[in-house]
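Q: Please read through the structure below; I'll follow up with questions.
The values are calculated or read from the model by the stated rules, or taken from the named source; none is laboratory data. No experiment lies behind these values; they were computed from the predicted model shown. Cβ atoms come from the backbone with ideal geometry, glycine included; neighbour counts cover every protein chain shown. Side chains are part of the model used for accessible areas, which takes the heavy atoms of the whole protein and leaves out ligands, DNA and RNA. Shrake-Rupley method; radii C 1.70, N 1.55, O 1.52, S 1.80 Å.
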Amino acid sequence: MLENLRSPLKKIIEPLAAALVRAHISANTVTVIGSFATIIAAIATGISGYLFVGAAMLTILVLFDSLDGSVAALSGGGTAFGAFLDSTLDRIADWALLFGVILYFAVHTSLDNMWTLVGLISALTAMLTSFVTPYARARAEAVGFEAKNGIATRADRITIILIALALRGLGAPVAVLALAMLLLTVLGIITVFQRIATVYKQSVHSV
């Protein structure tokens with residue numbers, strides 16, 4: 001869903017990217033600013049409890065995530081360090097989104113509520129799989145294999161989080177947010193095992 005929305009925004013992003021290049025603002029600077037803005041917005045959303053407003057802000061930040069790439073392209077192409085920095089900060093942003101959800105459950109819901117416990121445990125597990133999934137790919141590539149597959153992409157996972165936050169912010173039961181976290185957990189676990197299986201098959205065929 002988010003990936004489909006990025007294309008129409010290209011007409012907005014390109015002039016903005018050109019303006020940043022003229023202002024001598026590098027792609028790495030854009031990456032850092034965008035990532036920290038996402039981290040702050042996610043944590044503030046969880047603490048404040050203003051989930052709909054927070055989800056809207058985070059959606060805008062996520063949609064403009066490709067701005068650094070446009071700046072890099074207009075500046076003569078990206079660098080290996082730029083790609084590394086972007087990927088690394090993406091992992092921190094992923095953590096912040098789920099941490100914001102965990103903060104919301106901890107601060108604004110009752111720990112005696114079954115759905116709160118389901119949501120907390122699921123969000124913590126989803127956080128774990130969000131780190132293991134890209135690690136599995138990186139480690140596979142380090143030993144000469146490829147593991148890009150998975151039932152849900154990063155964009156899919158972020159979409160689930162943002163929609164669930166927005167729905168809860170509009171008054172949906174806390175169970176909706178908890179079930180969204182449970183869905184993320186299931187998708188994450190499946191993706192990890194899919195990547196393990198993919199690398200195993202490649203290793204068997206390479207012998």
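Q: Hey, what do the phi angles of the range 164-170 turn into as Karplus ³J(HN,Hα) couplings, whole Hz, using 6.51/-1.76/1.60 and θ = phi - 60°, x for Gly and Pro?
A: Per residue, the Karplus-derived 3J(HN,Hα) values read 5, 4, 5, 5, 5, x, 8 Hz.
Q: So between residue 163 and residue 186, what do we pick up on full extension, going 0.36 nm a residue minus the alpha carbon distance? Walk me through the numbers on the way to the answer.
A: Numbers: separation 23, 0.36 × 23 = 8.28 nm, distance 1.73 nm.
Between residue 163 and residue 186, full extension yields 6.5 nm more.
Q: Just how large is the dipole of the chain about the Cα centre, in debye to the nearest 20, putting +1 at every Lys and Arg Cβ and -1 at every Asp and Glu Cβ?
A: Working: 13 positive and 11 negative charges, 48 e Å.
So the dipole magnitude of the chain works out to roughly 220 debye.
Q: Calculated from the structure, Cα extents along the principal axes in Å equals which of (i) 55, 52, 24; (ii) 90, 48, 44; (iii) 65, 35, 26?
A: Structure-derived value, by its label: (i).
Q: Taking 7 Å along the Cα-to-C-beta vector as the label spot, tell me the residue 26-residue 170 distance in nanometres, rounded to one decimal.
A: 4.2 nm
Q: Quote the FRET efficiency, to the nearest 0.05, computed for residue 193 versus residue 87 with a Förster distance R0 of 30 Å and r equal to the Cβ-Cβ distance. Intermediate values should be presented prior to the final figure.
A: Working: r = 22 Å, r/R0 = 0.74.
Efficiency, rounded to the nearest 0.05: 0.85.
Q: For residue 148, give me every one of the lysines with a C-alpha distance below 21 angstrom, ignoring sequence neighbours fewer than eight places off in its own chain.
A: Cα-Cα hits under 21 Å: 201.
Q: Working out 0.36 nm times the residue gap between residue 50 and residue 124, then minus their Cα-Cα distance, what length gain in nm do you get to one decimal?
A: Working: separation 74, 0.36 × 74 = 26.64 nm, distance 2.10 nm.
Stretched out fully, the residue 50 to residue 124 stretch lengthens by 24.5 nm.
Q: Rounded, prolate or oblate, given the Cα gyration tensor of the range 1-113, with a/c below 1.5 counting as rounded? Before the final figure, lay out the partial values.
A: Values: a/c = 2.80, a/b = 2.08, b/c = 1.35.
Because a/c hits 1.5 or more and a/b exceeds b/c, the range 1-113 counts as prolate.
Q: In whole Å, what is the distance between the alpha-carbon centres of the range 139-206 and the range 9-81?
A: Each part reduced to its Cα centre gives a spacing of 23 Å.
Q: Can you give the accessible area of residue 201, probe radius 1.4 Å, in Å² rounded to 10?
A: Per-residue accessible area (residue 201): approximately 130 Å².
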